[in-house]
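Contents: one structure, followed by commentary.
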Amino acid sequence: MNNDSKNVKNLIESAENLSKELFSQINDIAFFNQKKVLDAFKKYRVSARHLSQTSGYGYDDIGRDTLCNLFADIFKTDSAIVSPIIASGTHALTIALFGILRPNDILLSVTGKPYDTLDDVINGKNIGSLADFGIKYDQIDLNGSSLDFDKIERYLIKTTPKVLFLQRSQGYLWREPLNIAEIEKLKQLRDKYCPNTCIMVDNCYGEFTSTTEPTEYGADVVIGSLIKNMGGGLAPTGAYIAGKTEFLTQIGYRLTSSSIGTEVGSYAYGYTQFYQGLFLAPRVVGDALKGSVLSGNVFKLLGIESNPAPDKMPRDVIRAIKFNNRENLITFCKQIQANSPIDSYVEPEPWAMPGYNDEVIMAAGTFVQGASIELSADGPIKPPYIGYLQGGLTYEHIKIAITEVVKSIIQN
Ligand SMILES: *Cc1c(COP(=O)(O)O)cnc(C)c1O
């Protein structure tokens with residue numbers, strides 16, 4: 001070994017030592033969630049017939065219906081919709097919003113601006129947006145990383161929104177993900193001022209990162225993608241919506257048709273990957289969390305700041321890394337790509353992506369196209385040159401990729 005690689009090896013070992021306490025907590029969380037998932041499988045007596053393919057209308061599709069029951073059980077809700085015909089997380093969020101909101105209703109986001117892909121869903125002009133249907137939108141920004149309860153209360157005293165909307169993950173912002181226990185106090189305000197209002201949570205990236213879910217603190221509906229946490233890296237497509245039956249029924253009418261709801265929907269490829277992915281998800285999310293903690297400590301030792309703080313339990317599977325340096329951000333993304341199982345030989349370059357003001361660089365060498373529970377990285381090419389690291393199916397893979405990132409950054 002030359003000096004550089006010896007130094008890198010020592011640095012990674014030191015980072016692993018710094019990570020021990022959180023690793024042990026993550027093991028406990030994964031264990032708890034694995035049991036939660038297994039208990040649901042046992043309760044619903046899952047067997048080979050649930051994995052089978054169906055066709056046509058899919059009446060009495062027991063694979064589909066039981067998958068919904070498992071999600072409802074895991075989120076401790078009355079109902080769930082889990083479906084490969086939902087194209088993405090954005091699609092699921094859209095169905096949920098349109099399912100519940102009616103003309104002149106108000107959608108109030110209490111975690112600031114929602115995820116970028118919802119901009120046009122809420123405010124687009126002449127594209128069938130909520131605004132096009134006369135649904136109003138208001139927003140209350142977070143106070144740091146917390147809900148601004150004073151502002152929310154002052155708002156609710158005067159106005160009754162139909163949906164109180166929250167985003168759990170940080171998304172692509174330099175803040176901490178929401179502490180979902182705060183939803184308990186939001187529910188108290190809701191119960192006091194507007195008891196019929198739906199508390200809806202964009203749960204993307206947050207599932208299984210702790211032993212509880214937003215629905216255990218009073219969220220009425222949670223929504224997420226199956227090519228993120230809940231698909232365990234195996235689900236090839238789809239999304240879920242879980243929550244109270246009164247809301248899920250309305251959402252079901254929007255998913256298919258007002259005359260049909262959730263009685264139809266087949267899947268000709270069978271449901272094995274959805275069941276098996278769900279079964280593996282607690283472990284996969286645990287490994288992604290460990291990879292996030294490890295990389296946080298690695299960058300800390302390199303003097304590079306990242307978010308969340310490396311000594312704090314991450315509340316989602318994204319880590320934001322402030323490189324303060326264009327070259328290092330590009331090197332980071334190139335090395336993640338070069339150490340991916342798919343397209344390792346491809347070299348990503350910054351490019352002007354539609355919808356973005358700045359050039360963006362992306363690394364995504366994934367089995368499932370765009371799956372961000374698999375190891376991926378990206379960042380806009382602008383100061384302070386923040387890169388985002390997401391997912392990772394195994395801890396070992398993340399460790400290998402981060403080791404190569406460090407080697408390249410040291411050589412820069
Ligand atoms: C991924 C994500 C979504 C949905 O995005 P899709 O790419 O459509 O699945 C929404 N909100 C957050 C916070 C997300 O991370």
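Over every Cα atom in the chain, the radius of gyration and the widest Cα-Cα span, Dmax, amount to 21.4, 70 Å. Whole-Hz Karplus values for the range 374-381 come out as 7, 4, 8, 8, 6, x, x, 7 Hz, taken residue by residue from phi with 6.51 cos²θ - 1.76 cosθ + 1.60 and θ = phi - 60°; glycine and proline positions read x.
Checking the a/c ratio against 1.5 first, then a/b against b/c, what shape does the Cα gyration tensor give for the range 280-395? Before the final figure, lay out the partial values.
On the way: a/c = 1.75, a/b = 1.14, b/c = 1.54.
Since a/c reaches 1.5 but b/c is at least a/b, the shape of the range 280-395 is classed as oblate.
Backbone geometry of the range 277-289 corresponds, through the Karplus equation with coefficients 6.51, -1.76 and 1.60 at θ = phi - 60°, to 3J(HN,Hα) couplings of x, 4, 4, 7, 4, x, 6, 4, 5, x, 5, 5, 5 Hz, x marking Gly and Pro.
For residue 135, the residues whose modelled amide H falls within less than 5 Å of its own, excluding neighbours fewer than 5 places apart on the same chain, are 104. Across the range 95-197, the mean sequence separation of Cα contacts (distance under 8 Å, 6 or more residues apart), normalised by length, yields a relative contact order of 30 percent. When peptides 168-174, 196-202 are sorted by average Cβ neighbour count within 10 Å, with the highest value leading, the order is 196-202, 168-174. Our coupling estimate for the range 3-8, obtained by passing each phi through the Karplus curve with A = 6.51, B = -1.76, C = 1.60 and θ = phi - 60°, is 4, 4, 6, 5, 4, 5 Hz, Gly and Pro reported as x. Peptides 106-113, 181-188, ordered by how many other C-beta atoms sit within 10 Å of their residues on average, highest first, read 106-113, 181-188. The lysines within cross-link reach of residue 36, meaning a Cα-to-Cα straight distance under 17 Å and a gap of 8 or more places when in the same chain, are 76. Packing around the peptides 241-247, 254-260, taken as the average count of other Cβ atoms within 10 Å per residue, puts them in this order, highest first: 241-247, 254-260. Accessible surface for the chain, divided over its residues, is 43 Å² per residue with a 1.4 Å probe.
To the nearest 10, the accessible area of residue 42 is 130 Å² with a 1.4 Å probe. Within the range 168-243, all pairs of alpha-carbon atoms sorted by distance into 5 Å bins from zero give the percentages 3, 16, 23, 23, 18, 11, 4, 2, 0. For the range 218-293, which whole-number percentage of the solvent-accessible area (1.4 Å probe, protein heavy atoms only) is attributable to carbon and sulfur atoms? In the range 218-293, the share of accessible area belonging to carbon and sulfur is 50 percent. Listed by chain and number, the aspartates and glutamates placed with their C-alpha closer than 17 angstrom to that of residue 151 are 138, 141, 182, 184, 191; residues fewer than eight positions away on the same chain are left out. Lys-Lys pairs in the range 266-412 that are eight or more residues apart or on separate chains and whose Cα atoms lie under 26 Å of each other come to 24.
Need one number for the range 319-386: average projected area of the convex hull over its C-alpha atoms, nm². Show your work: numbers first, answer last.
Values: hull surface 17.8 nm².
Result: 4.5 nm².
How much length is gained on full extension from residue 5 to residue 20, taking 0.36 nm per residue of separation minus their Cα-Cα distance? Walk me through the numbers before you get to the answer.
Working: separation 15, 0.36 × 15 = 5.40 nm, distance 2.27 nm.
Value of the extension gain: 3.1 nm.
List the relative contact order of the chain as a percent without decimals, with contacts defined as Cα pairs under 8 Å and 6+ residues apart. Contact order relative to length: 18 percent. Largest accessible area first, the listed residues 362, 313 line up as 362, 313 when surface is computed with a 1.4 Å probe on the assembled protein chains.
The values are calculated or read from the model by the stated rules, or taken from the named source; none is laboratory data. Worth saying up front: this structure is predicted, and the values here are computed from it rather than measured. Counting neighbours? That spans all protein chains shown, and the Cβs are built from the backbone with ideal geometry, glycine included. To get the accessible areas, we keep the full protein, side chains included, count just its heavy atoms, and leave off ligands, DNA and RNA. Shrake-Rupley method; radii C 1.70, N 1.55, O 1.52, S 1.80 Å.
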